[in-house]
Amino acid sequence: MQKEYINLKLNPLKGGKYMLAVFHLVPKPGEDFLSCASEVASESSTGSNLRVGTATKFSDNLNAIVYKIDKKKNLVWIAFPWKIFDRGGNVQNILTYVVGNVFGMGDLSALKALDCWFPKEMLEHYDGPATTIHDLKKYLGVKGRPVLGTIVKPKIGLKPKQFADVCYKFWKGGGDFVKFDEPQADQEFCPFKEAIDEIVKAMAKVEKETGKKKVMSINISAADFMTMQKRAEYVIKKMKKGSYAFLVDGLTAGWTAVQTARRMWPGVFLHFHRAGHGAMTRPENPIGYTVPFMTKMGRLAGASGMHTGTAGIGKMEGSAKEDVMAAHHALFAKSEGDFFDQDWYGMKPMCPIASGGLNPILLKPFADVVGTTDFITTMGGGVHSHPGGTEKGAMALVQACDAWKKGISIKEYAKNHKELAQAIGFYKEKVGYSKKYL
Ligand code: CAP
Ligand code: MG
């Protein structure tokens, strides 16, 4: 038991000194709950497994403190003096402490960060989003509905012209937003610059034909920041401001890549793809963190939009409740959590991105459950597998959105919208979980 990391009488809100976090903690058999909690607080702040003779009164004052426990529910609340975090708004450093070494501790069989809370005094030091969904919608001329997007599929393997042609067809069918799939980067068979050059042509053609602006979310994740910068600068040189977003694979490229993009190109919509998050967030994982916890960090880091899941409606495993809560933590000025309500004190909103096994049948169910139209949805398989192809798939998505806006059921609306009718017929057979929403 490291008593210097426990104070069950602490006022955690005292003077805005602490970032708070709550964990689900299960000690290994034979280990004491409070003792394990104190070890977590120690390891995630100033300590180690032993009291060191080099500690000072000043360093002790930076200890993370266990301030509340609920042994029955295996919950522990820890207050982190946020001055221990790297100055200059570094989110990567917070995670290194709070969800770093502690996941490896031998006396635990479960440790999951469920939620966190930031005092105003701390929030002021973090970037938060610069460009937002409101800027994106203004550019696209989208009002009162979500941004309708797709992902180029197959996930990888198209040549530049083929790649751009998929974009063209989706945009021609009425879609707003196309994203690179998360691993699409600069592959030998689809060189980044050639892909951009073809996208520029496709976008110009479809904007001329439709009179509508379109956006491309371009993956700039790379092996190093110099290459990330080169890719970003090529896009900036070749494409109209507003017509592109930068996608960063926030977990595999890393939080520093996210914040580098946020700080180098604040005027560009920053798309945080969270590939790999399942290792931490799946509800059945005993060790990791939740989607709401991760999403709050994404807003702190300044992403404009972040994948927050499909609230149990799509293909990915996840807690519907967590996904909706995460979407609200991303968007709202004040958001309610299971353990903490967060006032964001004016930090700009980050928009939820709903993706993963969605198709036009599922747009309304998701929109209804998330309770806002300020989100982007990206449907890959659910558009490009449409019997009529990509353009008809886009039309079906647009028609499903029109139906939702008009308050008409998609089955009713499909009676005089054949692309939607085809989509319903196809996806209710091919995507079993869609059926229950018809
Ligand atoms: C979706 C997707 C997205 C995942 C990300 C994919 O494609 O492009 O990367 O949705 O998951 O590669 O699976 P489909 P999440 O529309 O074809 O499913 O949003 O949960 O992070
Ligand atoms: Mg993908």
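Worth pointing out:
- Whole-angstrom gap from segment 218-247 to segment 89-125, using each part's C-alpha centre: 30
- Vicinal HN-Hα couplings computed from phi for segment 257-268 (Karplus, 6.51 cos²θ - 1.76 cosθ + 1.60; Hz; Gly/Pro x): 5, 4, 6, 5, 5, 4, 8, 7, 9, x, x, 10
- Across the options Gly211, Leu136, Val370, the greatest Cα extent toward the positive end of the charge dipole of segment 133-433 (unit charges at beta carbon of Lys, Arg, Asp, Glu) belongs to Gly211.
- Neighbourhood net charge (11 Å Cβ-Cβ; Lys/Arg +1, Asp/Glu -1) for Asn61: +1
- Approximating the spin labels as points 7 Å out from Cα along Cα→Cβ, the Lys241-to-Lys406 distance works out to 3.9 nm.
- Helix-only CD estimate at 222 nm, as mean residue ellipticity for the chain, using -39500 (n - 2.57) per DSSP H run (n ≥ 4): -11000 deg cm²/dmol
- Segment 111-188: GluC sites (Glu not before Pro) in DSSP loop, at most 14 other beta carbons within 10 Å: Glu124, Glu188
- Given Lys193/Lys405; Lys238/Lys348; Lys213/Lys428, the pairs whose alpha carbons are separated by over 30 Å: Lys193/Lys405; Lys213/Lys428
- Residues Met297, Met347, Met19, Met379 in ascending order of nearby Cβ atoms (within 10 Å, fewest first): Met347, Met19, Met297, Met379.
- Rounded to the nearest whole Hz, the Karplus-based 3J(HN,Hα) values (6.51 cos²θ - 1.76 cosθ + 1.60, θ = phi - 60°) of segment 335-343 follow the sequence 10, 9, x, 5, 10, 9, 9, 10, 8, with x at glycine and proline.
- In sequence order, segment 181-196 has phi-based couplings of 6, 4, x, 5, 9, 9, 8, 3, 8, 9, x, 3, 5, 5, 4, 4 Hz under the Karplus curve 6.51 cos²θ - 1.76 cosθ + 1.60, θ = phi - 60°, and Gly or Pro positions carry x.
- Ascending count of other beta-carbon atoms within 10 Å, so fewest first, for Leu420, Leu362, Leu20, Leu270: Leu20, Leu362, Leu420, Leu270
- Take every DSSP beta bridge whose two residues both sit in the chain; close to 45 percent of them are antiparallel.
- For Ala245, the amide hydrogen comes within under 5 Å of the amide hydrogens of Met216, Ser217, Ile218, counting only partners 5 or more places away or on other chains and with H modelled in the peptide plane.
- Alpha carbon convex hull of segment 234-283, volume per residue in cubic angstrom: 83
- Under a model in which nothing but the beta-carbon of Lys, Arg (+1) and Asp, Glu (-1) is charged, the chain shows a dipole of about 1380 debye around its Cα centre.
- Candidates Pro183, Pro387, Met280 compared by Cα position along the dipole of segment 133-433: farthest toward the positive end lies Pro387, with charges placed on Cβ.
- With each label modelled as a point 7 angstrom along the Cα→C-beta vector, the Lys315-Glu124 pair spans 4.7 nm.
- Within the shell defined by Cβ-Cβ distances under 14 Å, the residues around Gly389 carry a net charge of +2, with Lys and Arg each +1 and Asp and Glu each -1.
- The H on the amide N of Asp115, modeled in the peptide plane, is under 5 Å from the matching H of Val22, each at least 5 residues off or on a different chain.
- Comparing mean-square fluctuations of Ser109, Ser42, Ser304 from a GNM of the chain with C-alpha springs under 10 Å, the top value falls on Ser109.
- Taking other C-beta atoms within 10 Å as the exposure proxy, Phe339, Phe170, Phe177, Phe426 rank Phe339, Phe426, Phe177, Phe170 from fewest upward.
- For the chain, alpha-carbon Rg over 2.2 N^0.38 Å: 1.04
- Choice from His271, His328, His125 showing the highest fluctuation, given a GNM over the chain with Cα pairs closer than 10 Å: His125
- Taking 0.36 nm per residue of separation and subtracting the current Cα-Cα distance, fully stretching the chain between Lys428 and Phe58 would add 126.9 nm.
- Here the spin labels are modelled as points 7 Å beyond Cα on the Cα-Cβ line, and at Asn74 and Phe332 they lie 2.8 nm apart.
- The Cβ shell under 13 Å around Lys73 holds other residues with a net charge of +2, Lys and Arg each +1, Asp and Glu each -1.
Quick note: the coordinates plus some simple rules give every number you see, no bench work behind them. It should be emphasised that the depicted structure is a prediction, and the values quoted were computed from it without experimental measurement. Here the Cβ is made from the backbone with ideal geometry for all residues, glycine too, and neighbour counts use every protein chain on show.
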